[in-house]
Amino acid sequence: MMAEDKANTIDIEKQFQQKIVVLLVDDQAMVGEAVRRMLAPHEDITLHYCQDPRHALQRAIEIRPTLILQDLVMPEISGLDLVPQYRQNEATQDTPLIVLSTKEEAETKAKAFALGANDYLVKLPDPVELLARIRYHSRGYISLLQRNAAYEALAQSRRHMAEQLEAGCKYLLALLPEPIESPVAVSWCYVPSADLGGDTFGYYWIDEDHFALYLIDVVGHGLDSALLSVTLMNVLRSRALANTDFCEPGQVLKALNDAFPMEEYGEKCFTMWYGVYQPSTSTLAWSGGGHPEALLFEGSPEKTAEPLRLESQGPMIGMMPWDEFESGRCHVGSGSSLFVFSDGVHEIHKTDGKEWEFEDFVQYLAAIRQSADPTMDQLLRHVRELGGSDQLDDDFSIFEVKF
């Protein structure tokens, strides 16, 4: 349990560790005195007496009793007329109500219950019976108050968490790089899940002839995963990894694996794909750890064929010590497109209960690459249709590099 939630629970318990509060409404002073004497020996019960029934509702609103003892036969206002007034007022609508009558009449009982009374006693009842009914109804009412307060605290906590997640999402979006048009064109689509996952990505020029691009997916959801992804983004942006050649993808992943062991970061590890494009040689170098393979479609869209799969050879980053992360290299021709994405793009639970197969995803991506519609927008619409909801189970993160 989070510290804030635990504190809320303690506050609720303190709030309702209260005495039983009884409001007696009866025009006969001797009845009031008799009930006072019955309850006086019991320190956990506080009695308030209202002799004028015209003031009964206002007194109940002021003292918020855990039980109302209401006489039925009184001058000016009948006890049966007061019952619906209690039930129509927000402060007393759930307060237990025992009606007191001088007679045991089935018809009167039925009417009292129909109007909202909880119990019926012939006055003056035996002290043992009166005490038992007061305790029974009051404890039930106090439990109701505790439950309602707990539900409200939970709802408030959820609202607070939703606000935090929304703020976290806006923060992440603000950190993501702007799309660029030259010398390579990069566009992207990022849609966070309801719980905010740990996806982030970026691209930047290492020098005049080396363009780095990466995508990270921290395991789990929530702010802790998102914060770790932001930390990793800042490390890469500032190149804060000692003795690391950022033009060599394998070295970058090895350095991150050494610097972020999961046991030191809340048992969080992450997948990653990191690539470096060199325009002077039209060469792309890459390395990956536990991440979905990137897809390189060579040539112009009208010539689209089976993509080159740039696989991740290493394990998830931070999961275990690893001596070497392998780097791959390939030539990139003019008009080619590279897609780098997280598993939230293709691991889709379809409405028919089946999973969207990765090969189906590859074929769909190849098909829409040839269409006039923006590729990633069309992909997002299709994913939502497959899942039957606009709300995604995982972060949807993908970027396209056009060479």
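The values are calculated or read from the model by the stated rules, or taken from the named source; none is laboratory data. These numbers come from a predicted model, not from an experiment. In this analysis, Cβ positions are derived from the backbone assuming ideal geometry, glycine residues included, and neighbour counts consider all displayed protein chains.
Mind checking which residues of region 283-337 are touching a residue at least 40 places away in the same chain (Cβ under 8 Å) and hydroxyl-bearing (Ser, Thr, Tyr)?
THR283, SER287, THR304, SER312, SER327, SER334, SER336, SER337
Report yes if some residue within region 68-86 is more than 22 Å from GLY32 (Cα to Cα), assigned by TED's automatic domain parsing to the domain that holds GLN146 and either exposed (fewer than 15 other Cβ atoms within 10 Å of the Cβ) or touching a strand residue (DSSP E or B) at 6+ places or on another chain (Cβ under 9 Å) (or both); otherwise report no.
Yes, region 68-86 contains a residue that is more than 22 Å from GLY32 (Cα to Cα), assigned by TED's automatic domain parsing to the domain that holds GLN146 and either exposed (fewer than 15 other Cβ atoms within 10 Å of the Cβ) or touching a strand residue (DSSP E or B) at 6+ places or on another chain (Cβ under 9 Å) (or both).
Kindly list, by first and then second residue, each pair from a residue in region 78-95 that is under 16 Å from LEU145 (Cβ atoms) to a residue that is assigned to a helix (DSSP H, G or I) and of a type in the set (D, E, K, R), limited to pairs with Cβ atoms under 7 Å and residues at least 6 apart or on different chains.
If the second residue must be assigned to a helix (DSSP H, G or I) and of a type in the set (D, E, K, R), the pairs left are GLN93/ARG87.
Looking at the structure I just gave you, is SER397 under 27 Å from the mean Cα position of the chain (by Cα), of a type outside the set (D, E, K, R) and under 21 Å from LEU215 (Cβ atoms)?
yes
Give the number of residues within region 247-276 that are on the phi < 0 side of the Ramachandran plot and not in a helix (DSSP H, G or I).
14
Return yes or no: is ALA366 in contact with a strand residue (DSSP E or B) (Cβ under 8 Å, 6 or more places away or on another chain) and aliphatic (A, V, I, L, M)?
yes
Would it be correct to say that GLY266 is without any contact (Cβ under 8 Å) to a residue 60 or more places away in the chain, in contact with a strand residue (DSSP E or B) (Cβ under 6 Å, 6 or more places away or on another chain) and not basic (Lys, Arg)?
no
Just give me the residues in region 121-179 being within 30 Å of ALA40 (Cα to Cα), outside any helix (DSSP H, G or I) and not acidic (Asp, Glu), in sequence order.
LEU121, VAL122, LYS123, LEU124, PRO125
Which one of these does LEU47 not meet: (1) part of a helix (DSSP H, G or I); (2) under 21 Å from LEU145 (Cβ atoms); (3) of a type in the set (A, V, I, L, M)?
(1)
Report yes if ASP52 is among the charged types (D, E, K, R) and buried (at least 17 other Cβ atoms within 10 Å of the Cβ), otherwise no.
no
Please work out which one of (1) out of contact with any strand residue (DSSP E or B) (no Cβ under 8 Å at 6 or more places or on another chain); (2) at pLDDT 90 or above; (3) part of a loop (DSSP other than H, G, I, E, B) is the condition ALA372 fails and give its number.
So the condition that ALA372 fails would be (2).
Test of understanding: among THR102, THR46, THR108, which residue is within 21 Å of ILE20 (Cβ to Cβ) and either touching a His at 6+ places or on another chain (Cβ under 7 Å) or polar (S, T, N, Q) (or both)?
Of the residues listed, the single one that is within 21 Å of ILE20 (Cβ to Cβ) and either touching a His at 6+ places or on another chain (Cβ under 7 Å) or polar (S, T, N, Q) (or both) is THR46.
For region 245-276, give me each residue that is among the aromatic types (Phe, Trp, Tyr) and buried (at least 24 other Cβ atoms within 10 Å of the Cβ).
Correct list: PHE270, TRP273, TYR274.
Residue-wise test of (1) surrounded by fewer than 19 Cβ atoms within 10 Å (Cβ to Cβ); (2) assigned to a strand (DSSP E or B).
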position: PRO292; (1), (2): no, no
position: SER312; (1), (2): no, no
position: PRO321; (1), (2): yes, no
position: PHE339; (1), (2): no, yes
position: GLU347; (1), (2): yes, no
position: GLY353; (1), (2): yes, no
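Might you check whether a residue that is in contact with a Lys or Arg (Cβ under 8 Å, 6 or more places away or on another chain), farther than 20 Å from ASP27 by Cα and among the charged types (D, E, K, R) occurs anywhere in region 96-115?
no
Is it the case that region 195-214 has a residue that's hydrophobic (A, V, I, L, M, F, W, C), part of a helix (DSSP H, G or I) and in the same structural domain as GLY314 (by TED's automatic domain parsing)?
no
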